[in-house]
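Following: one structure in structure tokens, then a few remarks.
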Amino acid sequence: MKIDLTETTSSKINQALVSARRAIGTPAIGMVLTLVIVTDEENAYDALKSAGDASREHPSRIIAVIKRVSRSPRARRDARLDAEVRVGSDAGTGETVVLRLHGELANHAQSVVLPLLLPDAPVVVWWPEDAPADAAKDPLGALAQRRITDTYSAERPLDELAVRAATYSPGDTDLAWTRITPWRSMLAAALDQQPAQVIGATVEGESDNPSCELLAMWLADRLGAPVERTYSEGPGLTAVRMETKNGVIVLDRADGSLATLSMQGQPDRGVALKRRDTAELLAEELRRLDPDNTYESAVKFGVDKLHAGGEVKAAPVQEKPAEAGQKAPAAKKAPARKAAAK
């Protein structure tokens, strides 16, 4: 069911939501969060489709905020709110409200969104494109417990990574990080099967791909070993090679779908590592609302050296002696370094 509202208010939108639910015979819908999408007309359809698919796992109220650029000075002075309310089969498993903000109202989106948030439910804000430099200080981002950006959509992804590191706040995350979850899980599982100290690693993938850079920084941060970043034609990440004292571990995905895991003394195995769509990435991010400390550590590791495009290195510093009855602390890592080699 769809209801179009022209020159409306937040109060009238809430009334339309209640009327729509009653009209379809479901006055109460179990929704677990509010997902606010900040986008433009060009990307609104794809973003809403992805959010609707993700809502089948996470029933939610989806609020799309579209700021309309006014062409004339007079139109920019006029404030107008148009809305579209979708309930039932047109809105996945929850509700969808599409807000189009005209004129001066576009600069005060938070005042329109705030009355539409579900009471006593978490708020997640997602910027599919053109995320603010500091998401936590953005007026809409300040309403949320979780803020989702995507450095891959930026014009200069590696510069955007540096911005994310400099402005990180607990609750921030990046779909470029979410894309490498299967890779991180598979590499960690491989090291469980063949426990040995990693003395070096190589991450191969497309240039200017933030997921490749994040995986390289994650490995360097966690392993305390030199990690070399090399380049390929893609798609995306294509291979990771880890050299251990017991042999080499290689995870190779040449076609963007099926990977091959090779380990010393074991037969090669096929591993499903398909490139996931945005709906799957969004659904994964909505499963957790707490700060992602692993992402924070990875994105901040050596970000100031990202532009060199060579090698990410981490050298453990000397540990303090452990006190009696205590385990020795894990070695800390020095800031990342990169050598210009491409």
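Counting protein heavy atoms only, region 123-267 has 47 percent of its accessible area on carbon and sulfur, 1.4 angstrom probe. The packing ranking, built from the mean of other Cβ atoms within 10 Å per residue, places the peptides 263-273, 223-233 in the order 223-233, 263-273, highest first. Taking amide H atoms as placed 1.01 Å from N in the peptide plane, the amide H of Asp174 lies under 5 Å from those of Thr149, each 5 or more residues away in sequence or on another chain. Peptides 173-180, 154-161, 207-214, 47-54, ordered by how many other C-beta atoms sit within 10 Å of their residues on average, highest first, read 173-180, 207-214, 47-54, 154-161.
If you plug the beta carbon distance of Ser19 and Arg276 into 1/(1 + (r/R0)^6) with R0 = 25 Å, you get a FRET efficiency near 0.10.
Phi-derived couplings, Karplus 6.51 cos²θ - 1.76 cosθ + 1.60 at θ = phi - 60°, listed residue by residue for region 5-12: 10, 10, 6, 10, 9, 4, 4, 5 Hz, with x used for Gly and Pro.
Average accessible surface for region 166-236: 34 Å² per residue, computed with a 1.4 Å probe over protein heavy atoms with every protein chain in place. Taking a point 7 Å from the Cα of Gln110 along the Cα-to-Cβ direction, the residues of region 136-166 with backbone N closer than 19 Å to it are 136-149. 3J(HN,Hα) couplings calculated from phi for region 262-273 with the Karplus curve 6.51 cos²θ - 1.76 cosθ + 1.60 (θ = phi - 60°) are, in sequence order, 10, 9, 4, x, 10, x, 5, 10, x, 10, 6, 9 Hz; Gly and Pro show x.
Of the cross-linked pairs Lys67/Lys137; Lys67/Lys300; Lys67/Lys274; Lys137/Lys274; Lys12/Lys137, which ones have a Cα-Cα span greater than 27 Å in the structure shown? The pairs that break the limit, which is 27 Å between Cα atoms, are Lys67/Lys300; Lys67/Lys274; Lys137/Lys274; Lys12/Lys137. Within straight-line reach of Lys245, meaning a Cα separation under 17 Å, sit the following aspartates and glutamates at least 8 residues removed in sequence or on another chain: Asp192. Along region 55-61 the Karplus relation, 6.51 cos²θ - 1.76 cosθ + 1.60 evaluated at θ = phi - 60°, assigns HN-Hα couplings of 5, 5, 9, 10, x, 8, 8 Hz to successive residues, with x for each Gly and Pro. Length gained on full extension, Gln264 to Ala79, computed as 0.36 nm times the residue gap minus the Cα-Cα distance: 60.0 nm.
Run down the aspartates and glutamates and flag those whose C-alpha is under 13 Å from the C-alpha of Lys2, throwing out any fewer than 8 positions away in its chain. Those aspartates and glutamates meeting the cut-off are Glu84, Asp90, Glu95.
The values are calculated or read from the model by the stated rules, or taken from the named source; none is laboratory data. Note that this is a predicted model, so its numbers are computed, not measured. Neighbour counts are summed over all protein chains in view; Cβ atoms, including those assigned to glycine, are modelled from backbone coordinates with ideal geometry. These area figures cover heavy atoms from the full protein model, side chains too; ligands, DNA and RNA do not enter into them. Shrake-Rupley method; radii C 1.70, N 1.55, O 1.52, S 1.80 Å.
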